[in-house]
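Below is one structure; the comments refer to it alone.
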Amino acid sequence: MNKIKILPDNLANQIAAGEVVERPASVVKELVENALDAGAKRLQIDIELGGRRLIKISDDGTGMVRDDAILAFERHATSKIKTLEDLAKIATLGFRGEALASIASVAKVELITKTLDSEAATRVIIEGGRLIDVKDAPRSNGTTLTVRDLFFNTPARRKFMRSEATENYHLTNIVQHYALANPAIAFTLTNNGREVLRLSPAKDLRERAYQIFGSQMVESLLKVEGGREFVAKVTGFISAPRERRTTRDGQYFFINGRFVKDRIIAGGLLEGFRAVLPHGVYPVAFLFLEIPFEELDVNVHPSKTEVRFRRSEAVKETIAEAIRGALASAGIVAIQGSGVRGQESGQTALTNDFPRTNSSDFNQFEKTQNPVYEQPKIEFQISDFKSPNENAAENSVFPNENIESGSVTNQPTETEVFSNDFEQTAQVKNQNSEFRIQNSESENQTFNQSDWAIQNPKSKIQNLETPIVDSAAKIPKSIEPETLSSSRIRPLSQLHDSFIIAVDDEGLLLIDQHVAHERILFDKFRSKETTRKIESQNLLLPETIDLSPAQAAAFDIVETELENLGFALMKLSGRTIAVKAVPTDLPASEVRNLLAEILDTVDKEKFGAARANLHDQIAASLACKAAVKINMKLTLEKMQWLIDKLLTTSSPTTCPHGRPVILRLTMKDIERGFHRT
């Protein structure tokens, strides 16, 4: 008896639907693409219950005659390609001929369509892949396709659908993508009868971005225009470095008008921002690539969001060149070959990056520029050239404190420790092997490096060259929490104003000050949420934020969690919200980026179904923004406070994102490195 059989068409369509129709947003994507291919100038999208109950899309495109309307629901029925050569130069969004057949196999579908020459429209009704009825109907030119009870005949698929709010987020996001790609087309989106999005035709991408994201986003956009002949033409916008995210969810990529998700484009974008944004931070981007059809394969996956490039490295480098050109035109990076960093309004263009926190624990930390973006400046005081004992005496906040064996007696309170402003420092710039010292008592004087070392034997910079030494990269290791003890850890100094150097009975410790404070704040937010409301600070002027349609849908999901964490929020007209108060630990300058990050990544699939997971994710983002940053100078008292607080947390050796906080170099490792054992 034969074991291999040909599947019935209905079953084959349902299998195909598993690839094409992942969720309601997939249905909207396919139908919007069909409408755009039909030359529509206006699209109306209506959804109910996150797309479960209803998805309805109406357009004013060319429509179909009766025979085509019936045939369109057959598998592999399409008007987009006819020969094998057409497959190598696909110029339309749709071409596989599977979408309508797949959708109709798992839903109740009604199609009403009319061409300009037809006297009446045609209505086609299909349920679960079975043709129910075909008849005339009234309608003006164009097509209306209604999808009801999605996955009604496949309960296993239906139960895997997410909450209504999450599905609404994805639905709004996909409409937002195609609205960006087609600024000349009008889009209207309603959710449960409430208008979510209404976009009139725009003259260009910038105006469309203003319609969706508001003026605050548009003000930070930099125009991108570049490319290479026969490789790719690159246009669009990128955000200035001050408008950044910790995920790539604010990046929108299009190839020949098609929305795609592609690592090559993302890599080229990141390469263009190299040395401009720190690691783990991503820009907002709207990038449009025009690539010759023969250089591209879009027939990779049924969802058509993945592509292959014939010369992927050339495409990546072309994108990076265009990004660097946009940054150079804005004065953010040095123009190629000039050797001079661009300036903007008389100041360094990159400002307000990695702002210093004004939290209740570090509320007096001075806000400084992020030195990642330009050659680091060496900053010190004239007093730094005194002996260590002299410096310790002068810089001591508490004259009567005695430091013996690394411990501090008469230790000040937490409030006293963090109420001291940093002293004003003079800047010393390393320029052509010379150092320029400036202070209020004398004129600028320039010293040769070697002369300076001779005249100032106690100087910290007697010799800038380090002899070649063996690397100890493999020696430091993560440690277990039980091996730590507050009484035995003594801070010594800082490494590059980013890592605390400390010692204990076992050896040497390196502590990442940012993630250490991040762990402290995370535990604070998480514990206070269950005991009492987190303290808030009122903003002098409420911060108004224009949300995109997708962010507005996400805001409904997280509004309660944000209020539990100390935010005071108010909805204004349209998609605008006002932030009246924030947690005391969060700098006001970080409010906008933090909310954008949370709303852009609110998809509950990334957090799991538990509400606690959502709360923890928001608390982790809040802790990261509020924590002390790298490149921030700390006193010994502040270092000791961080260590003491860290050791009381639930996991002192890892941050909320799983990164190590402390590395140890034991005495045995040190002795072995010096061949003493």
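The values are calculated or read from the model by the stated rules, or taken from the named source; none is laboratory data. Quick caveat: nothing in here was measured; it's all calculated off a predicted structure. Counting neighbours? That spans all protein chains shown, and the Cβs are built from the backbone with ideal geometry, glycine included. Accessible surface is based on the protein model in full, side chains and every heavy atom, while ligands, DNA and RNA are left aside. Shrake-Rupley method; radii C 1.70, N 1.55, O 1.52, S 1.80 Å.
Values for this structure:
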read-out: Any pair with Cβ under 6 angstrom, 6 or more apart, that starts in region 236-256 at a residue that is at negative phi and without any contact (Cβ under 8 Å) to a residue 40 or more places away in the chain and ends at one that is open to solvent by 10 Å² or more (accessible area, probe 1.4 Å) and aromatic (Phe, Trp, Tyr); value: Arg248/Tyr282
read-out: Qualifying residue in region 58-71 (condition: open to solvent by 50 Å² or more (accessible area, probe 1.4 Å), among the small types (Gly, Ala, Ser) and more than 23 Å from Ile174 (Cβ to Cβ)); value: no
read-out: All positions within region 29-57 that are open to solvent by 30 Å² or more (accessible area, probe 1.4 Å) and in a helix (DSSP H, G or I); value: Asn34, Asp37, Leu49
read-out: Thr83 within 39 Å of the chain's Cα centre (by Cα) and either open to solvent by less than 60 Å² (accessible area, probe 1.4 Å) or not small (Gly, Ala, Ser) (or both); value: no
read-out: Hey, Thr246 touching an Asp or Glu at 6+ places or on another chain (Cβ under 7 Å), at pLDDT 90 or above, open to solvent by 20 Å² or more (accessible area, probe 1.4 Å) and closer than 23 Å to Ile174 by Cα or not; value: no
read-out: Filtered residues of region 263-299 (kept if β-branched (Val, Ile, Thr) and within 16 Å of the chain's Cα centre (by Cα)); value: Ile265, Val276, Val281, Val284
read-out: Test: residue in region 170-180 that is at pLDDT below 90 and either of a type in the set (Lys, Arg) or buried (at least 19 other Cβ atoms within 10 Å of the Cβ) (or both); value: yes
read-out: Condition broken by Val147, with the remaining ones in (1) crowded, with 16+ Cβ neighbours inside 10 Å; (2) among the hydrophobic types (A, V, I, L, M, F, W, C); (3) assigned to a helix (DSSP H, G or I) satisfied; value: (3)
read-out: Residue in region 591-599 that is at pLDDT 80 or above, acidic (Asp, Glu), outside any strand (DSSP E or B) and open to solvent by 10 Å² or more (accessible area, probe 1.4 Å) present; value: no
read-out: So Thr190, is it touching a strand residue (DSSP E or B) at 6+ places or on another chain (Cβ under 9 Å) and of a type in the set (Ser, Thr, Tyr); value: yes
read-out: Selected residue (only one of Arg526, Arg519 is basic (Lys, Arg) and open to solvent by less than 30 Å² (accessible area, probe 1.4 Å)); value: Arg519
read-out: Qualifying residue in region 117-128 (condition: open to solvent by less than 60 Å² (accessible area, probe 1.4 Å), touching a Lys or Arg at 6+ places or on another chain (Cβ under 9 Å), in a strand (DSSP E or B) and of a type in the set (Lys, Arg)); value: yes
read-out: Any pair with Cβ under 8 angstrom, 6 or more apart, that starts in region 203-220 at a residue that is more than 16 Å from Ala240 (Cα to Cα) and of a type in the set (A, V, I, L, M, F, W, C) and ends at one that is assigned to a loop (DSSP other than H, G, I, E, B) and at pLDDT below 90; value: Ile212/Ser548
read-out: Only one of Phe230, Phe273, Phe288, Phe259 that is more than 23 Å from Val28 (Cα to Cα), aromatic (Phe, Trp, Tyr) and open to solvent by 10 Å² or more (accessible area, probe 1.4 Å); value: Phe230
read-out: Region 129-138 - residue that is open to solvent by less than 50 Å² (accessible area, probe 1.4 Å) and in contact with a helix residue (DSSP H, G or I) (Cβ under 9 Å, 6 or more places away or on another chain) and, of those, farthest from Asp67 (Cα to Cα); value: Gly129
read-out: Residue under evaluation Ser573, criteria (1) modelled with pLDDT under 80; (2) buried (at least 19 other Cβ atoms within 10 Å of the Cβ); (3) assigned to a loop (DSSP other than H, G, I, E, B), criterion not met; value: (2)
read-out: Filter result for the condition that a residue is modelled with pLDDT under 90, basic (Lys, Arg) and either assigned to a loop (DSSP other than H, G, I, E, B) or closer than 15 Å to Ser58 by Cα (or both), over Arg139, Arg162; value: Arg162
read-out: Residue, nearest to Ala554 (Cα to Cα), within region 196-232, restricted to residues that are acidic (Asp, Glu) and modelled with pLDDT of 90 or more; value: Glu207
read-out: Region 649-677, subset under 31 Å from the mean Cα position of the chain (by Cα) and surrounded by fewer than 17 Cβ atoms within 10 Å (Cβ to Cβ), residue nearest to Ala502 (Cα to Cα); value: Pro660
